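Working notes, structure below.
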Amino acid sequence: MGRIGRLPADLANQIAAGEVVERPASIVKELVENAIDAAARRIAVTLEYGGKRLVRVEDDGIGMDAEDARLSLERHATSKIRRPEDLAAIATLGFRGEALPSIASVSRFTLRTRSRGELAGTEIRVHAGTMASVTETGTPEGTRIDVEELFYNLPARRKFLKSDQAETAHASRTLTQLSLAVPSVGFTLTSGGRRLLDVPPVAGVAERLYQLYGEPEDLVRVEKEAAGIRITGYIARLAEQGPRRGPQNIFINGRIIKDRTIAHAIIDAYSVASIKERSPEVHLFIEMPLDAVDVNVHPTKAEVRFREGSLVHEIVRRAIGDALGRGPAPALTLTPPDIAQVAPGQSLLPGVVGGGFVHNRWMPPASGFGLPASGPDSVSGPQPYGGPKPEAGSPEPAGAAVTPSMRPLVPLGQFRDTFIIAVDDEGIAIVDQHVAHERVLFERAMERLTAGRLESQRLLTPLLLELPADARQALVNHAADLERLGFEVEEFGGDAVRLCATPALLDRESAESALRTLAQDLDGFDRGSGVDAALKQMAATIACHAAVKANDRLTYDKMVHILDELRATAYSTICPHGRPVMLRITRREVEKNFQRI
Ligand SMILES: Nc1ncnc2c1ncn2[C@@H]1O[C@H](COP(=O)(O)OP(=O)(O)OP(=O)(O)O)[C@@H](O)[C@H]1O
Ligand SMILES: [Mg+2]
């Protein structure tokens with residue numbers, strides 16, 4: 001007799017359930033995805049005891065007639081695909097015809113459903129995969145599914161469930177993500193009689209994010225379209241204390257997924273922009289042709305495969321880079337002097353003092369001030385979502401963003417040899433010359449490093465540096481990284497190391513001071529902490545040492561050069577350490593204070 005036998009259907013379903021149903025949150029995911037596929041406008045989820053006692057999902061979607069209701073519980077029964085070709089372009093969240101029979105095989109399962117326009121509905125009860133009853137019943141249009149006593153027939157799996165609170169939290173996160181994918185659908189989540197989530201239908205993602213997370217001060221909008229791929233969303237902006245950490249929600253064609261390519265593109269984009277990029281909050285909605293992505297590669301459909309992964313990587317990276325670069329410069333508020341306090345005859349002007357504002361020594365001829373006469377709508381600043389919309393007719397949105405890549409700033413001079421004062425159509429900018437230059441150089445260095453190594457220059461006479469033993473050791477340990485940065489360092493004997501080549505960016509003195517700083521920093525990096533982090537830190541140190549300093553007199557050309565370079569960088573408002581590069585006094589602020597508007 002043969003050794004091989006066919007498994008009975010209920011056992012086959014339980015095995016499939018092992019992949020599909022891990023915990024109550026997986027049931028929420030499958031049932032809510034079905035409701036979304038059924039064009040529901042409102043979806044209500046109820047949990048009892050973290051979903052272990054009950055997960056109920058009710059929707060007002062298209063419902064099923066009696067025959068479909070029966071079929072829906074059979075394995076490989078689906079309305080979503082019919083032919084092999086359909087697999088290549090799946091537009092629905094479901095397509096396997098596995099979820100309902102799997103769930104029903106590991107619970108007490110009740111399906112109530114009525115097709116739109118039908119008079120009677122159907123109720124089907126299934127216990128651990130066995131159909132217990134099918135009856136005609138009165139029920140609202142749409143579908144309601146009760147999943148009770150999850151894993152009651154599989155005690156071993158039941159033991160793996162976490163506490164009620166942990167399971168509730170998990171399910172709540174799942175529903176929150178699902179709700180982001182379809183803002184036009186309203187969701188509620190009730191657990192133990194308490195409302196945990198209540199988001200009515202809204203017009204778009206911005207409103208949904210606002211419902212879920214509140215005021216989004218620290219996020220900027222992403223918008224990019226290229227090669228048939230459209231990316232929208234909101235991401236943590238660069239900030240002094242580092243970009244805000246938070247959830248990373250990535251959707252491909254409305255499906256929430258985890259994907260290494262995209263995660264990598266996110267890290268890439270932030271790492272050029274900031275040294276503090278750990279786990280920034282990111283909500284990205286990526287739309288692409290259905291046949292450019294294979295969704296049939298993972299048991300819970302949590303991963304996908306791209307036909308052209310590197311293209312997706314590049315577009316995501318650029319989308320984020322662009323958005324980060326558009327972060328607004330902090331705006332200054334002017335306090336006008338209190339005129340009433342000034343005695344008659346007393347001047348409001350401070351005494352003209354040397355060393356104060358350096359008068360426009362380098363002022364170019366008047367023709368040099370030909371500012372582009374562009375209207376306010378040519379600027380696309382970051383659009384905060386949910387925030388107050390700019391009033392119609394107001395000349396520019398409040399806190400108008402500078403889009404440095406579009407408007408050249410014209411330098412007027414230096415203030416205290418430390419800040420460049422510049423103007424453009426949007427107002428006045430005060431630029432910290434050191435921080436600005438550091439930002440420019442850091443970005444250049446990071447770009448080169450990603451491509452390979454920094455340019456190095458051989459020293460005619462090598463430099464000898466005396467250093468303490470631990471610092472020498474740190475330099476030797478990191479010789480390979482240092483070489484990528486353009487340093488060639490050897491042990492010289494005694495307390496000294498010999499520096500034979502330096503990064504081309506640095507002159508002799510700054511190379512020496514940079515190397516001393518690096519030796520100290522490197523001591524703190526253990527090798528395991530990731531070479532990338534160390535390299536990036538080193539690039540930041542080199543940029544810092546190569547940049548012009550505070551108290552450096554700058555020529556007009558040098559100022560123009562720094563501002564131009566700044567304009568060309570993607571991230572011009574914050575230095576790699578998170579300090580602001582420039583402050584803004586907006587035109588509006590100036591006009592308001594002179595009572596011109
Ligand atoms: N809430 C619902 N409203 C209307 N029809 C539903 C609903 N839930 C399920 N169905 C029908 O039952 C079928 C089976 O559902 P099931 O979730 O098992 O499979 P699927 O969604 O087609 O694929 P997958 O296993 O990938 O989820 C669906 O194809 C759909 O036609
Ligand atoms: Mg399904």
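The values are calculated or read from the model by the stated rules, or taken from the named source; none is laboratory data. Keep in mind the model is a prediction, meaning the values are calculated, not measured. Every residue, glycine among them, receives a Cβ derived from its backbone with ideal geometry; neighbour counts consider all protein chains shown. Keep in mind that these areas ignore ligands, DNA and RNA; they rest on the heavy atoms of the full protein, side chains included. Shrake-Rupley method; radii C 1.70, N 1.55, O 1.52, S 1.80 Å.
Could you provide, to the nearest whole Å², the per residue accessible area of region 404-500 with probe 1.4 Å?
43
Can you tell me how region 9-199 classifies by the Cα gyration tensor, rounded, prolate or oblate, using a/c under 1.5 as the rounded cut?
rounded
Whenever you get a sec, line up 152, 270, 210, 49 from highest to lowest accessible area (probe 1.4 Å, protein heavy atoms).
Details: 152 75, 270 0, 210 100, 49 125 Å².
So, going from the largest accessible area down, we get 49, 210, 152, 270.
Can you tell me the dipole magnitude for region 192-242 around its Cα centre, using point charges on the Cβ only (Lys, Arg +1; Asp, Glu -1), in Debye to the nearest 20?
Using only the charged Cβ atoms, the result is roughly 240 debye.
Search the structure for amide H atoms under 5 Å from the amide H of residue 412, placed 1.01 Å from N in the peptide plane, and list their residues when 5 or more places away or on another chain.
When sequence neighbours closer than 5 places are left aside, the close amide H contacts are 421, 422, 423.
Taking amide H positions as placed 1.01 Å from N in the peptide plane, with prolines and chain starts having none, which residues 5 or more places from residue 186, or on another chain, fall under 5 Å of its amide H?
42, 43
Counting only protein heavy atoms, what percent of the accessible surface of region 9-199 is carbon or sulfur at a 1.4 Å probe?
50
Order the following by accessible area, largest value first: 464, 311, 566. Probe radius 1.4 Å; ligands, DNA and RNA are ignored.
Sorted descending by solvent-accessible area, the residues read 464, 311, 566.
Given all pairs of different Cα atoms, what value in angstroms does the Kirkwood hydrodynamic radius of region 219-326 take?
Numbers: mean 1/r = 0.0723 Å⁻¹.
Hydrodynamic radius (Kirkwood, Cα pairs) of region 219-326 is 13.8 Å.
Taking the alpha-carbon centroid of each part, what is the distance from region 461-500 to region 83-114 in angstrom?
Centre-to-centre (Cα) distance: 64 Å.
Among 52/301; 301/536; 29/159, which pairs are too far apart, with a Cα-Cα distance over 31 Å?
On the way: 52/301 23 Å; 301/536 36 Å; 29/159 21 Å.
Cα-Cα > 31 Å for 301/536; rest within.
Given a 1.4 angstrom probe, what's the average accessible area per residue across region 219-326, in square angstrom?
Result: 42 Å² per residue.
Quick one: Karplus J couplings for region 172-181, per residue in order, coefficients 6.51, -1.76, 1.60, θ = phi - 60°, nearest Hz, x for Gly and Pro?
So the J values, rounded to whole Hz, are 5, 4, 4, 5, 4, 5, 4, 5, 5, 5.
Only residues of region 237-273 count here: report those whose backbone N is under 11 Å from the spot 7 Å along Cα→Cβ of residue 450, or say none.
265-273
How do 63-75, 295-307, 23-35 rank on mean C-beta neighbours within 10 Å, highest first?
On the way: 63-75: 17.7, 295-307: 15.3, 23-35: 24.7.
Final packing ranking: 23-35, 63-75, 295-307.
Considering only protein heavy atoms and a probe of 1.4 Å, how much of the accessible area of region 407-597 is carbon and sulfur, as a whole percent? Let's see the in-between values first.
Working: 4260 of 8520 Å².
Carbon and sulfur atoms account for 50 percent of the accessible area of region 407-597.
Taking only protein heavy atoms and a 1.4 Å probe, what accessible area per residue, in Å², does region 7-59 have with all protein chains in place?
I get 37 Å² per residue for region 7-59.
Find how much the distance from residue 498 to residue 459 grows on full extension, using 0.36 nm per residue of separation minus their present alpha carbon separation; answer in nm with one decimal.
13.0 nm
Heavy atoms only, probe 1.4 Å: what % of the accessible area of region 201-303 goes to carbon and sulfur, would you let me know? Please report the intermediate quantities before stating the final value.
Numbers: 2080 of 4400 Å².
The value for region 201-303 is 47 percent carbon and sulfur by accessible area.
Could you tell me the calculated FRET efficiency between residue 568 and residue 466, based on Cβ-Cβ distance and R0 = 41 angstrom, to the nearest 0.05?
Efficiency, rounded to the nearest 0.05: 0.55.
Spelling out what I want: for every residue of region 10-27, take phi, set θ = phi - 60°, compute 6.51 cos²θ - 1.76 cosθ + 1.60 (Karplus), and round to whole Hz; glycine and proline get x.
5, 5, 4, 5, 5, 5, 4, 4, x, 8, 7, 10, 9, 6, x, 4, 5, 5
In whole Hz and in residue order, list the ³J(HN,Hα) couplings for region 153-162 that follow from phi through the Karplus curve 6.51 cos²θ - 1.76 cosθ + 1.60, θ = phi - 60°; x for Gly and Pro.
Going residue by residue, I get 8, 9, x, 4, 6, 4, 5, 7, 6, 8 Hz, with x marking Gly and Pro.
Say the dipole of region 407-597 comes from +1 at the beta carbon of Lys and Arg and -1 at that of Asp and Glu; which of 576, 517, 415 then lies farthest toward its positive end?
415
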